[in-house]
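The values are calculated or read from the model by the stated rules, or taken from the named source; none is laboratory data. Keep in mind it's a predicted model, so treat the numbers as computed, not measured. Note that each Cβ is placed from the backbone with ideal geometry, even for glycine, and that neighbours are counted across all protein chains shown.
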Amino acid sequence: MASRRAVVTGASSGIGEAAARALRGAGWDVVAVARRADRLAALESETGAVAYAADLTSEADISALVAFLDESGPVHSLVHVAGGARGTERVEDGRAEDWQWMFEVNVLSAQRLVAALLPQLRRAAASDGHADTLFVTSTAAQTAYAGGAGYNAAKAGEAMIAHALRLELNGEPIRVVEVAPGMVHTPEFTLNRLGGDSVAAERVYEGVEAPLTADDVADVIAYALNAPGHVNLDLITMRPVAQSAQHLLARGPLRPRGVDVA
Ligand SMILES: NC(=O)c1ccc[n+]([C@@H]2O[C@H](COP(=O)([O-])OP(=O)(O)OC[C@H]3O[C@@H](n4cnc5c(N)ncnc54)[C@H](OP(=O)(O)O)[C@@H]3O)[C@@H](O)[C@H]2O)c1
């Protein structure tokens, strides 16, 4: 059978970039989408993932992406990784422009992409057995934390799109998968959230033994997409061992209790 083709958003950095690499490594054709064309071009020359620069908050860019995908081949999987957080303000201090950005990039982009790409996903499912949508949400979609409300609400909104979509697609061979990571140490996520303050960003991960990496999440994404087409991994919540819950993060080495460690 010919390769399956995935559209991976957020492919210019972090988890999306790692997902594009992992899928290429597993034999997928990949269209790598984000705004930064230079980073996508570097990924393309290294991995063969086809670069496509688009702002997912722009209807015009999404229409152009759909036309490009229509001309260039089938779409078996939408892997929506693009997103992010801005700010850590309390609800009472929340900045409307940050909340609007988070809703645009996490929630509305997911709806826009589903609406735009479902016809192509359906055609691929008809000819090749099944198609997929996969959303990278967050444990922030599941549990609120002080200072997290804007991001909590946006990621919960994105998760609810996945939940409703799975119900709406019942009876069709199209999977809807949600991957909800906890702490992932990527170079840009916290830096962007904290307005470019690199010292504060590094402090977030200070002393944490082995936060998740982008590759850890990418492995799970690839696993979910490579599973047999009748297997729908509805929700995969994944955290580093050091993070037992949103509010319970071990800083310092992980050590078994009551045992001398050499
Ligand atoms: N890192 C974590 O701890 C963590 C934990 C749980 C969930 N997540 C979620 O995982 C996803 C990826 O996170 P990450 O850590 O890999 O962060 P990241 O490196 O900041 O990646 C965000 C990606 O989204 C793209 N993007 C942002 N705005 C866009 C727009 N308007 N149009 C198109 N693309 C846009 C960015 O590319 P351009 O700037 O080039 O457009 C970038 O590739 C996000 O949805 C995040 O919420 C992250």
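Step by step: first the residues of region 68-105, then only those that are touching a Ser or Thr at 6+ places or on another chain (Cβ under 8 Å) and part of a helix (DSSP H, G or I), then the one that is nearest to residue 6 (Cα to Cα). Which residue is that?
105
Looking at region 178-206, which of its residues are within 21 Å of residue 157 (Cα to Cα), within 6 Å of the ligand (Cβ to nearest atom) and part of a loop (DSSP other than H, G, I, E, B)?
Answer for region 178-206, where residues must be within 21 Å of residue 157 (Cα to Cα), within 6 Å of the ligand (Cβ to nearest atom) and part of a loop (DSSP other than H, G, I, E, B): just 183.
Within region 37-56, can you find the residues that are crowded, with 18+ Cβ neighbours inside 10 Å, within 9 Å of the ligand (Cβ to nearest atom) and part of a helix (DSSP H, G or I)?
The one that is crowded, with 18+ Cβ neighbours inside 10 Å, within 9 Å of the ligand (Cβ to nearest atom) and part of a helix (DSSP H, G or I): 40.
May I ask you to list the residues in region 233-262 that are part of a loop (DSSP other than H, G, I, E, B), touching a residue at least 12 places away in the same chain (Cβ under 8 Å) and exposed (fewer than 15 other Cβ atoms within 10 Å of the Cβ)?
Residues satisfying the conditions are 234, 241, 247, 251, 253, 254.
Go through 82, 6 for me and flag whichever is away from the ligand (no atom under 13 Å from the Cβ), of a type outside the set (Val, Ile, Thr), modelled with pLDDT of 95 or more and surrounded by 21 or more Cβ atoms within 10 Å (Cβ to Cβ).
Result of the check over 82, 6: 6.
Do you know which residues across region 21-36 are more than 8 Å from the ligand (Cβ to nearest atom) and within 19 Å of the chain's Cα centre (by Cα)?
21, 22, 23, 24, 25, 26, 28, 29, 30, 31, 32
Output the number of residues of region 133-149 satisfying the condition of being crowded, with 23+ Cβ neighbours inside 10 Å and more than 12 Å from the ligand (Cβ to nearest atom).
Result for region 133-149: 1.
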